[in-house]
Amino acid sequence: MTDKSLSRTAKIAASSGSLGLWLRAPVPTSPFHARMQQLWLQWRRLRSNASALFGLCVVVVMLLAALLAPILATHDIYEQNLAARLLAPSFQHWLGTDELGRDVYSRLLFGARITLYIALLTTVIVAPIGLIVGTTAGYLGGWVDTVLMRIVDVFLAFPNLILALAFVAALGPGIQNAIIAISLASWPPIARLARAETLTIRKSDYIAAMRLQGASSARIIFGHIVPMCIPSVVVRVTLNMAAIILTAAGLGFLGLGAQPPSPEWGTMLSSGREFVMTSWWIAAIPGTAILLTSLAFNLLGDGLRDILDPRHG
Amino acid sequence: MTDPTFPGPRSDAGNVARPNPAFALLSILGRTLLPVFVTLFGLAALTFFIGRMLPIDPVASILGDNATQEAYEKMSRALGMDKPLWYQFGVYVKGILSLDFGDALTTGKPVMQDIARVFPATIELATLAIVIGTGLGIPAGVLSAMYRNSWLDNAIRFTGLIGYSAPNFWLGLMGLVLFYATLGWIGGPGRIDFIYEFDLEPVTGFHLIDSALAGNWEIFRNVFGHIILPASILGFGALAYISRMTRSFMIEQLAQEYIVTARVKGLSWARTVWVHAFRNVAVQVLTVVALSYAFLLEGAVLTETVFAWPGFGRYLTNALLVGDMNAVVGCSLLVGVIFVTLNLICDLLYRVFDPRTR
C-alpha cells in the first residue's frame, strides 16, 4: 500500500469513527473505498475456509522462519562437530544432528530461506512471461496465436521435472541455474491459462468500446485484459509454488540444485540418505518440511480459487 | 443432401446424421496429426537447443573434461561444429528420424540401445503403479462424489492432497526405513535379490511375467517384494490425480436431471451411480489415466534413484550427473514423444468413444 492511500485510509477511518465501520459501509464513497471493501469481503471468506486458513498460517510461519532464521537458529549451520554426529533430537539439538554433527533445526530454518527464494523468484519470473505470452496470443489471434501456442505445446510435451533436468544438465548445477531451469519449464501452463481467459474477454463490449475509441492493442492488453486475468493467474501461481518446491527439492536431491553444504531441504535429504536406516530424523525432518510447505501452498491455492475464481471451483 | 432452405422429404436424414465412422476417424486424424507433427518438430528443435546451443562447449559436454585433443577434434568434426547451425540441425533431425541419438558417454553404446535395455524395468514399475493408482483412485473418486462433504469425502480428498504434496523420493526413503529396515516385510532396493539374478531367463524383460512364465514362484515372490513399494509410492501420486479428477467429473454428472429420473424410476443409488453416471464419465476418466501414466515417467526418475531401480529414470539421472548430453537429450526427447503420443491417443479415444464430441 502506498503512503497516499494509507493516509487516506486513516483520514476516512477518523472521520467515520472506525475502520470497521468504513469497511462495512453499505455504499462505497470512492473506487478506492470499494476496492478495500471487496478485499475485506474476500478476507472474511478466506477466514471462514479452515483448510485455506491453515495453508496461509503455514506459509506465514515459513516466511517468518526464513526472515528470522539468524535469530531463531541455535547453532552455526556450517560448523561441523564430528564428536556430536548423528545425535537424536534432544534439548541440546532440538531436531538432532546430521552426519557431520551440524544442527538440523538451524539448517532447516536457513533451508526455508532457500526454498522460498527459489519459489518466489521463479514465480516473479514466470507469471509476467506467461501473462504476456498468453494475453497477446489470445487477443491478437491469427498466426501470432498459432505460433505462440505451438511453442507452448512443445514445452508442455515434457513433464516439468524432465525439462528442468535437461536444462540443468546443459547449464550446470547450482541454485541460479535451477531457478532458470524451473522457470523455463513452468511458464507454459500460465500462458495457456491467460490465453483461455483472454478468449472469453476479448469479444466483450467494453473491449469493443476501447477499440472504437482508438486504443492500441498494447493498451487494451495491458490496461484492460491483463488485470482481468490476474485472479486466475494468482490461483494458478499459488498452486504452482507447490510444484516448484517439489521440483527444486528433487533437483537438490539428485545433486543438481543447491550444492552441499547448502542447507536446501532436498540437498539435506540427499546427503543424509546413507544414514537414514539408523538415524531416521536426518531424512524425516527436511522431508516433512517439504511436504508441509507444498501442502500449505496447495491448500491456500484451493482456497483462493474458491474466493477469486468461483467459476472453476 | 436436400437444399437446406427447402426441407424436403426426410427419407435420407438418417444417412446424413450418421457419417461413416471410418471417414470420421480419417478426418480427425488429419486434423490432429498436423499439429502433432509440428509439436514433434518443435521437440527436436528444443532438444537441439538444449544439447547443442546452451552448453558453452558442446564438445566438452559430450566428451567430458578429460578428453584428449585428438578425441576433441574428432568429436567436433563428427558433430559438424564447423558447419552452419541450420546444417547441424538438419543432421540432428536426420539422426532422430533413424533413431540415432549418438553414443552414450557412460556406457559407450548407442543411446537408443541403452534405452531399449533399461526401459522394460520402468514399464513394469509404471504399469503396476498405474494398476494400483487406477484400482484405488477411481472407486475413491466415485465414493468421494457420492458422499460429498462427508467425513469419507474429506478423508479421501486429504489423502489425495498428501499424494500431491509429498516428494515421492522422500516417501520412498521413509518406506524403505519402515518396511525394509525396521519391519523387514519387503525386499530392499533393486529389482531382484542378487542370488536370483542369473536364474531368471529373460523372455519379455518384465521380471514378474518372466518368473511366472518359468513357473518359478520363489523368484516371483522375491521380485514382487522388490517392486511393490516403489510401485505403491508411484501409484499414490497417480491415485491422487485420478481420484480428484474422477470426483469432479462425477459431481458434475450427479447434478444432472437424468440421475433424478433414474432414482424416480426406482433404481438403487449404487446402480444409478455406477451404471448410469459412471458410464458417462468413463472416457474422461480413461484419458486421465492415460495422462497419469505419462506423468509416472517423471515420477520414476526420482523413485528409481531412491530404489536403485535399474530403469530409465536412473539411466537419465546417471547421465545427468556426468553431463552426458547425448543420453540426456535422447531420454528427454523420448519422454516428450511418449507424452505427445499419449495425448494424441487420448484425443482419439475421446472422439471415437464419446459421441458427444462429434
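Open to solvent by 40 Å² or more (accessible area, probe 1.4 Å), within 26 Å of B:C331 (Cα to Cα) and either β-branched (V, I, T) or modelled with pLDDT of 90 or more (or both): is that true of B:T159 in this structure? Break it down stepwise before answering.
On the way: open to solvent by 40 Å² or more (accessible area, probe 1.4 Å): yes; within 26 Å of B:C331 (Cα to Cα): no; either β-branched (V, I, T) or modelled with pLDDT of 90 or more (or both): yes.
No; evaluated as a whole, the condition is false for this residue.
Total residues in region B:264-291 satisfying the condition of being over 32 Å from the mean Cα position of the chain (by Cα) and touching a residue at least 24 places away in the same chain (Cβ under 8 Å): the figure is 1. Is it the case that A:F158 is among the aromatic types (F, W, Y), part of a helix (DSSP H, G or I) and either under 24 Å from B:M53 (Cα atoms) or not assigned by TED's automatic domain parsing to the domain that holds A:V124 (or both)? Considered against the rule, which asks whether it is among the aromatic types (F, W, Y), part of a helix (DSSP H, G or I) and either under 24 Å from B:M53 (Cα atoms) or not assigned by TED's automatic domain parsing to the domain that holds A:V124 (or both), A:F158 comes out as no.
I'm checking my understanding of the structure. Among residues of region A:290-303 that are hydrophobic (A, V, I, L, M, F, W, C) and crowded, with 24+ Cβ neighbours inside 10 Å, which one is nearest to the chain's Cα centre (by Cα)? In this case the residue turns out to be A:F297. If you go through region B:330-343 and pick out every residue that is of a type in the set (A, V, I, L, M) and either touching an Asp or Glu at 6+ places or on another chain (Cβ under 9 Å) or more than 11 Å from every other protein chain (Cβ to nearest Cβ) (or both), you end up with 2. The set of residues in region A:164-184 being closer than 17 Å to B:T47 by Cα and within 11 Å of chain B (Cβ to nearest Cβ) consists of A:A164, A:L165, A:A166, A:F167, A:V168, A:A169, A:A170, A:L171, A:G172, A:I180, A:A181, A:L184.
Within region B:178-208, work out how many residues are open to solvent by less than 80 Å² (accessible area, probe 1.4 Å) and assigned to a helix (DSSP H, G or I). Total meeting the criteria: 5.
Among the listed residues A:F91, A:F54, identify the single one that is open to solvent by 70 Å² or more (accessible area, probe 1.4 Å) and more than 24 Å from A:A283 (Cβ to Cβ).
Details: A:F91 fails: more than 24 Å from A:A283 (Cβ to Cβ).
Selected residue: A:F54, the only one of A:F91, A:F54 that is open to solvent by 70 Å² or more (accessible area, probe 1.4 Å) and more than 24 Å from A:A283 (Cβ to Cβ).
Return the only residue of A:I230, A:I244 being of a type in the set (A, V, I, L, M) and out of contact with any helix residue (DSSP H, G or I) (no Cβ under 7 Å at 6 or more places or on another chain). Spell out the reasoning first.
Working: A:I244 fails: out of contact with any helix residue (DSSP H, G or I) (no Cβ under 7 Å at 6 or more places or on another chain).
So the residue among A:I230, A:I244 that is of a type in the set (A, V, I, L, M) and out of contact with any helix residue (DSSP H, G or I) (no Cβ under 7 Å at 6 or more places or on another chain) is A:I230.
From the list B:T134, B:T122, B:T127, the lone residue that is surrounded by fewer than 23 Cβ atoms within 10 Å (Cβ to Cβ) and closer than 28 Å to B:A319 by Cα is B:T127.
Taken over region A:255-313, the criterion of being of a type in the set (D, E, K, R) and within 18 Å of A:I244 (Cα to Cα) is satisfied by A:E264, A:D302.
Any residue that is within 14 Å of chain B (Cβ to nearest Cβ) and either within 15 Å of A:P128 (Cα to Cα) or aromatic (F, W, Y) (or both) - is there at least one of those in region A:191-206? Yes, region A:191-206 has at least one match.
Answer with yes or no whether A:T135 is more than 10 Å from every other protein chain (Cβ to nearest Cβ), surrounded by 20 or more Cβ atoms within 10 Å (Cβ to Cβ) and farther than 30 Å from A:L116 by Cβ. Show your work before the answer.
Values: more than 10 Å from every other protein chain (Cβ to nearest Cβ): yes; surrounded by 20 or more Cβ atoms within 10 Å (Cβ to Cβ): yes; farther than 30 Å from A:L116 by Cβ: no.
Criteria not met by A:T135.
Among the candidates B:F312, B:F307, B:F295, the residue that is within 30 Å of B:F206 (Cα to Cα) and open to solvent by 60 Å² or more (accessible area, probe 1.4 Å) is uniquely B:F295.
Given the structure, is A:W43 surrounded by fewer than 16 Cβ atoms within 10 Å (Cβ to Cβ), modelled with pLDDT under 85 and of a type outside the set (S, T, N, Q)?
Working: surrounded by fewer than 16 Cβ atoms within 10 Å (Cβ to Cβ): yes; modelled with pLDDT under 85: no; of a type outside the set (S, T, N, Q): yes.
Answer is no for this residue.
For region A:182-207, give me each residue that is basic (K, R) and assigned to a helix (DSSP H, G or I).
Start the filter on region A:182-207 by keeping residues that are basic (K, R), which leaves A:192, A:195, A:202-203.
Across region A:182-207, the qualifying residues are A:R192, A:R195.
Report yes if some residue within region A:294-307 is closer than 24 Å to A:R236 by Cα, more than 7 Å from every other protein chain (Cβ to nearest Cβ) and outside any helix (DSSP H, G or I); otherwise report no. No: zero hits.
Consider only pairs whose beta carbons are under 6 Å apart and that are at least six residues apart or on different chains; among these, list those whose first residue lies in region A:110-134 and is assigned to a helix (DSSP H, G or I) and whose second residue is open to solvent by 20 Å² or more (accessible area, probe 1.4 Å) and not hydrophobic (A, V, I, L, M, F, W, C). Note: pairs meeting the criteria are A:G134/A:R195. Residues in region B:342-349: is at least one without any contact (Cβ under 8 Å) to a residue 60 or more places away in the chain, surrounded by fewer than 16 Cβ atoms within 10 Å (Cβ to Cβ) and under 15 Å from B:S292 (Cα atoms)? Looking for residues that are without any contact (Cβ under 8 Å) to a residue 60 or more places away in the chain, surrounded by fewer than 16 Cβ atoms within 10 Å (Cβ to Cβ) and under 15 Å from B:S292 (Cα atoms), one finds at least one in region B:342-349, hence yes. Residues in region A:72-89 that are within 19 Å of A:F110 (Cα to Cα) and either touching a residue at least 40 places away in the same chain (Cβ under 8 Å) or touching a Cys at 6+ places or on another chain (Cβ under 8 Å) (or both): A:I77, A:Y78, A:P89.
Selection of region B:213-266 for residues being charged (D, E, K, R) and in a helix (DSSP H, G or I) yields B:E218, B:R221, B:R244, B:R247, B:E252, B:E257, B:R263. Scanning region B:183-217 for residues that are in contact (Cβ under 8 Å) with a residue 12 or more places away in the chain, farther than 23 Å from B:T305 by Cα and not hydrophobic (A, V, I, L, M, F, W, C) yields B:D199, B:E201, B:T204, B:S211, B:N216. Out of region B:89-119, which residues are on the phi > 0 side of the Ramachandran plot and surrounded by fewer than 16 Cβ atoms within 10 Å (Cβ to Cβ)? Passing the criteria: B:L99, B:G108.
Have a look at A:L87, A:L100 and point out the one that is out of contact with any helix residue (DSSP H, G or I) (no Cβ under 6 Å at 6 or more places or on another chain), aliphatic (A, V, I, L, M) and over 18 Å from A:G266 (Cα atoms). Please lay out each step first, then the result.
On the way: A:L100 fails: over 18 Å from A:G266 (Cα atoms).
Every option except A:L87 fails the conditions.
Scanning region A:142-162 for residues that are open to solvent by less than 10 Å² (accessible area, probe 1.4 Å) and more than 7 Å from chain B (Cβ to nearest Cβ) turns up just one, A:V152.
The values are calculated or read from the model by the stated rules, or taken from the named source; none is laboratory data. Here the structure is a predicted model, which is why all the values come from computation and not from measurement. Methodologically, a virtual Cβ is constructed for each residue, glycine included, from the backbone with ideal geometry; neighbour enumeration extends over all protein chains shown. Please note that ligands, DNA and RNA were not included when accessible areas were found on the heavy atoms of the full protein model with its side chains. Shrake-Rupley method; radii C 1.70, N 1.55, O 1.52, S 1.80 Å.
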